[in-house]
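*Asks:* I have a structure here, written as structure tokens, and I will follow up with some questions on it.
The values are calculated or read from the model by the stated rules, or taken from the named source; none is laboratory data. All values derive from a computational prediction rather than experimental measurement. Neighbour counts run over all protein chains shown; Cβ positions are idealised from the backbone, glycine included.
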Amino acid sequence: MFLNNYKDGRNSKIRSIVYKLTAFATAVIILQTFFFTASLVIGGVLKESKSNALNSFDEMVKSRKSYLERDMKNRWTNLGPFAEQISEKVSGEHDSSEALLSDVSLILVDMLRSTQATGAYLILKDETESGRKPALYLRDYDPLSNNYSNDDIYTVIGPSEISGSLKIPLDQTWKYDYEETDQNRDFFFRPYSKAHLSKNAGLLGYWSTPFRLSPDDFEIITYSMPLFDKDKNLRGIIGIEITLNYFVQLLPATDLQPKDSLGYMVAYRNDETKELNPVISIGALQKRIIDVESVLQFEEVDKYKDIFILKNHDYKKDVYASVNKIGLYPNNTPFESEEWYLIGFIKEDYLFKYYNSIQGIIIFSFVSSLILGILGSLYFSMRFSKPIVSLADKVRISEGNKKLNLDSTGLREVDELAEAMESAKDKMIKSASRLTRIISMLDVPIAAFEIGISDNEVFVTDNFYSIMDMPQNDISSKIEKDDFQLMLDSVFTCEYPDEKGIYKIRGNPQKWIKLSISKNEDTVIGIIQDVTNEMTEKIKIQNERDLDPLTKLYNRRAFQNIIEQKHRDGNLKVAALMMFDLDNLKLINDSYGHKWVDIYIVESVSRLRMLAGNENLILGRRSGDEFEAFLSGYSSREEIINDIEEFYQYLDKTPLEFPGGDIRRICMSGGLVWIEESELDYDEMMHRADNALYKAKTVNKGSYEVMNMKV
């Protein structure tokens, strides 16, 4: 009897309206919560966040590699002009090797200054086979800070008489001759031994791995190439040195992580081993966590990216590495099999911190919404089931002895039940929408919209309008498709270059948003994220990197990158490269002072901007008084010449008032060279434009000359 009563009681609980309403509401809550969570996941927020983290890390290392590669290939190895001068010198008659070294000493100083290396050297071959070679080796520990008195240069190797004549102090490790040892042998012997392969010394250049000239000296890397005289006889080697202390300054660890960064590493591989061996390790933390004495072991993350997971380290979580080859040698040269790699390291927890944050917010929102929904459903189902239970009791009582009259009481209770169900549903919808409200309360500026393929309305989340910086005229979360499209057309003005899916939108202040879209057969789901802070910081960094502080023109490196990219993009039509030089700037400086020189340069730039329209003109500042202009998009060369002639007429019409009331014309000389669509050797073009500029300054200062064309 008790068992039967127990079963009846259990079955009554299963059949109770409280149970059924609670079960129904819970199922709806789960589905609604799952829908909102899935909209974020399907919309690609997590996947895109992780992919963006990897791409951003890889692009950061590639960018640093490009800067380093540009210095190594274009500046530090630009020894050709100095090699030609020294070749002339060694071809002449000299009483001794000391006299020869003295004769070339100023050229070595110029080479050291021009390349901005920390050292420059000439080592002659040993005619006496004594094992000691005549050499002159100069070093500047801070190449970015030039002292024109040369008292910042030290003689590492060479006759002390030369140091005295140049007023250059001897380094604390000074030696009279180059003394070859097993440790310092390669940087001389490797390029010297390959001299028989070619008389073009530029093809025989060799980058050494780190070594010390002497046990007490700094670690250095060098670039050496054979030196031939005018008769193509091998006379020794010429080269530059970079101390590791200076080299590591070019690889700031804060690029990758503001604090506790593992930073960069340079690794080396050749054809014999095919293994990556660390050669330059930067930072105490890197050396403590990564085994820099062993071969680097990697696990591939994505075969389409240069990102790997480092295996041999002592960190508790994964360490990611971006491995990028530094292109040092041309093809078919003796040392092309010796490969250098720039490797950036970053900890997994820092790399995916935004991904983990978003994932945690989604999980928290899902769980909290589910719990609150279940508790709310249980409360309201019990409260609103009481009238129905009373009606059921009345029906049971009336069954035995009277007819059930539902005309008045039955409909009333049904209405109450209907109202209770509607109220429960309303609570469920409110509970399900808690996910959106929770996200809006957290520091995650994300909005979403959904477009049904067969519907004429677009659903948007509550924070859509605030993120898009748009007025919300209606509290409704649905918008007509056509109106929605017009709204997007009015908001999106341009896509940021090289950043797919990131747009600048109208607003005050200006905002940046990232748009991700997921499509299937029935719906289109879009996720919009406010990335204003990230983009503002990125643009600020780019401007600081690429713009000259005084004139706000492109600096030398940025100007070259832009011109080469425009040439690769094509459709230049008729184009030209022009160099300008402000005449008599030194006289102005001596007469009026440095502050007025800055004013004079700024005024000159304001006039240079009138050279052509914005769509045809790109300006850059090459050095203190030298400027470069790229003219493109013209139909003929005559149009370019007309613009230049009008510009010089404009200089005549807009003189400048100097201190003291003098009114003078801004005087600048120019040199122009035409650019062909088929090819662009930027250094050659600049050399030709510089020659034309030199001719203008020599023949008729304050005018311009065109290379290979009469004006």
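*Asks:* Given Gly593, Gly661, which one is at pLDDT below 90, surrounded by fewer than 18 Cβ atoms within 10 Å (Cβ to Cβ) and under 23 Å from Pro549 (Cα atoms)?
*Replies:* Gly593
*Asks:* Answer yes or no: is there a residue in segment 191-214 that is without any contact (Cβ under 8 Å) to a residue 12 or more places away in the chain, farther than 23 Å from Glu88 by Cα and small (Gly, Ala, Ser).
*Replies:* Within segment 191-214, none of the residues are without any contact (Cβ under 8 Å) to a residue 12 or more places away in the chain, farther than 23 Å from Glu88 by Cα and small (Gly, Ala, Ser).
*Asks:* Another question, then. On the basis of being of a type outside the set (Val, Ile, Thr) and either closer than 30 Å to Gly526 by Cβ or modelled with pLDDT of 70 or more (or both), does Asn74 make the cut?
*Replies:* yes
*Asks:* Continuing with the same structure: Considering (1) surrounded by 14 or more Cβ atoms within 10 Å (Cβ to Cβ); (2) hydrophobic (A, V, I, L, M, F, W, C); (3) more than 31 Å from the chain's Cα centre (by Cα), say which one Leu631 fails and leave the rest.
*Replies:* With respect to (1) surrounded by 14 or more Cβ atoms within 10 Å (Cβ to Cβ); (2) hydrophobic (A, V, I, L, M, F, W, C); (3) more than 31 Å from the chain's Cα centre (by Cα), Leu631 is out only on (3).
*Asks:* Could you list, in sequence order, all residues of segment 637-652 that are touching a Lys or Arg at 6+ places or on another chain (Cβ under 9 Å) and either loosely packed, with under 15 Cβ neighbours inside 10 Å or without any contact (Cβ under 8 Å) to a residue 24 or more places away in the chain (or both)?
*Replies:* Hits for segment 637-652 are Tyr650, Asp652.
*Asks:* Right, another one. With respect to Asn463, determine if the residue is touching a helix residue (DSSP H, G or I) at 6+ places or on another chain (Cβ under 8 Å) and either under 22 Å from Ile42 (Cα atoms) or modelled with pLDDT of 70 or more (or both).
*Replies:* Details: touching a helix residue (DSSP H, G or I) at 6+ places or on another chain (Cβ under 8 Å): yes; either under 22 Å from Ile42 (Cα atoms) or modelled with pLDDT of 70 or more (or both): yes.
Yes.
*Asks:* Among the residues of segment 298-317 satisfying the criterion of being hydrophobic (A, V, I, L, M, F, W, C) and touching a residue at least 60 places away in the same chain (Cβ under 8 Å), which is surrounded by the most Cβ atoms within 10 Å (Cβ to Cβ)? Outline the logic, then answer.
*Replies:* As a first pass, look at segment 298-317 and keep what is hydrophobic (A, V, I, L, M, F, W, C): 298, 301, 307-310.
Among the residues that remain, those that are also touching a residue at least 60 places away in the same chain (Cβ under 8 Å) are: 301, 307.
Numbers: Val301: 17, Ile307: 21.
Step by step, filter segment 298-317, then rank; the result is Ile307.
*Asks:* A follow-up question, please. Answer yes or no as to whether Thr209 is within 33 Å of the chain's Cα centre (by Cα) and in a helix (DSSP H, G or I). Even if it seems obvious, please write down each step before you answer.
*Replies:* On the way: within 33 Å of the chain's Cα centre (by Cα): yes; in a helix (DSSP H, G or I): no.
When the stated conditions are applied, Thr209 does not pass them.
*Asks:* Residue check, Asp182 against (1) buried (at least 17 other Cβ atoms within 10 Å of the Cβ); (2) within 28 Å of Met72 (Cβ to Cβ), all met but one. Which one?
*Replies:* Just one mismatch for Asp182, condition (1).
*Asks:* Quick one: Ile358 ticks every box in (1) closer than 30 Å to Phe187 by Cβ; (2) of a type in the set (Val, Ile, Thr); (3) more than 19 Å from the chain's Cα centre (by Cα) bar one, so which box is it?
*Replies:* It fails just one condition, (1).
*Asks:* Residues in segment 634-657: is at least one assigned to a strand (DSSP E or B) and either over 36 Å from the mean Cα position of the chain (by Cα) or acidic (Asp, Glu) (or both)?
*Replies:* The answer is yes; a qualifying residue exists.
*Asks:* Taking segment 562-590, which residues are over 21 Å from Lys697 (Cβ atoms) and modelled with pLDDT under 90?
*Replies:* The first filter runs over segment 562-590 and keeps only residues over 21 Å from Lys697 (Cβ atoms), leaving 562-575.
Of everything in segment 562-590, those that are over 21 Å from Lys697 (Cβ atoms) and modelled with pLDDT under 90 turn out to be Ile562, Ile563, Glu564, Gln565, Lys566, His567, Arg568, Asp569, Gly570, Asn571, Leu572, Lys573.
*Asks:* Can I ask one more? Determine if segment 600-620 includes at least one residue that is of a type in the set (Val, Ile, Thr), assigned to a helix (DSSP H, G or I) and exposed (fewer than 15 other Cβ atoms within 10 Å of the Cβ). Write out each step before concluding.
*Replies:* Within segment 600-620, the first condition is being of a type in the set (Val, Ile, Thr), and the residues that meet it are 601-602, 605, 618.
Pick out the ones that are also assigned to a helix (DSSP H, G or I) and you get 601-602, 605.
In the following step, the residues that additionally are exposed (fewer than 15 other Cβ atoms within 10 Å of the Cβ) were identified as 602.
Within segment 600-620, one or more residues are of a type in the set (Val, Ile, Thr), assigned to a helix (DSSP H, G or I) and exposed (fewer than 15 other Cβ atoms within 10 Å of the Cβ).
*Asks:* Taking Glu564 as meeting all but one of (1) within 18 Å of Val673 (Cα to Cα); (2) touching a strand residue (DSSP E or B) at 6+ places or on another chain (Cβ under 6 Å), write down the number of the exception.
*Replies:* For Glu564, the exception is condition (2).
*Asks:* Report, by residue number, each residue of segment 258-279 that is surrounded by fewer than 21 Cβ atoms within 10 Å (Cβ to Cβ), touching a strand residue (DSSP E or B) at 6+ places or on another chain (Cβ under 6 Å) and either touching a residue at least 40 places away in the same chain (Cβ under 8 Å) or outside the structural domain of Gln297 (by TED's automatic domain parsing) (or both).
*Replies:* Tyr268, Arg269, Leu276, Val279
*Asks:* Can you tell which of Val266, Val248 is aliphatic (A, V, I, L, M), in a strand (DSSP E or B) and under 26 Å from the mean Cα position of the chain (by Cα)?
*Replies:* On the way: Val248 fails: in a strand (DSSP E or B).
Of Val266, Val248, the one residue that is aliphatic (A, V, I, L, M), in a strand (DSSP E or B) and under 26 Å from the mean Cα position of the chain (by Cα) is Val266.
*Asks:* While we're on this one: Taking the criterion of being outside any loop (DSSP other than H, G, I, E, B), touching a residue at least 24 places away in the same chain (Cβ under 8 Å) and among the basic types (Lys, Arg), would at least one residue in segment 230-244 satisfy it?
*Replies:* yes
*Asks:* Residue under question is Val295, and the condition is that it be surrounded by fewer than 20 Cβ atoms within 10 Å (Cβ to Cβ) and β-branched (Val, Ile, Thr); does it hold?
*Replies:* In short, yes.
*Asks:* Moving on. Among the residues of segment 543-583, write down those that are of a type in the set (S, T, N, Q) and within 21 Å of Ile644 (Cβ to Cβ).
*Replies:* Within segment 543-583, Thr551 is the sole residue that qualifies.
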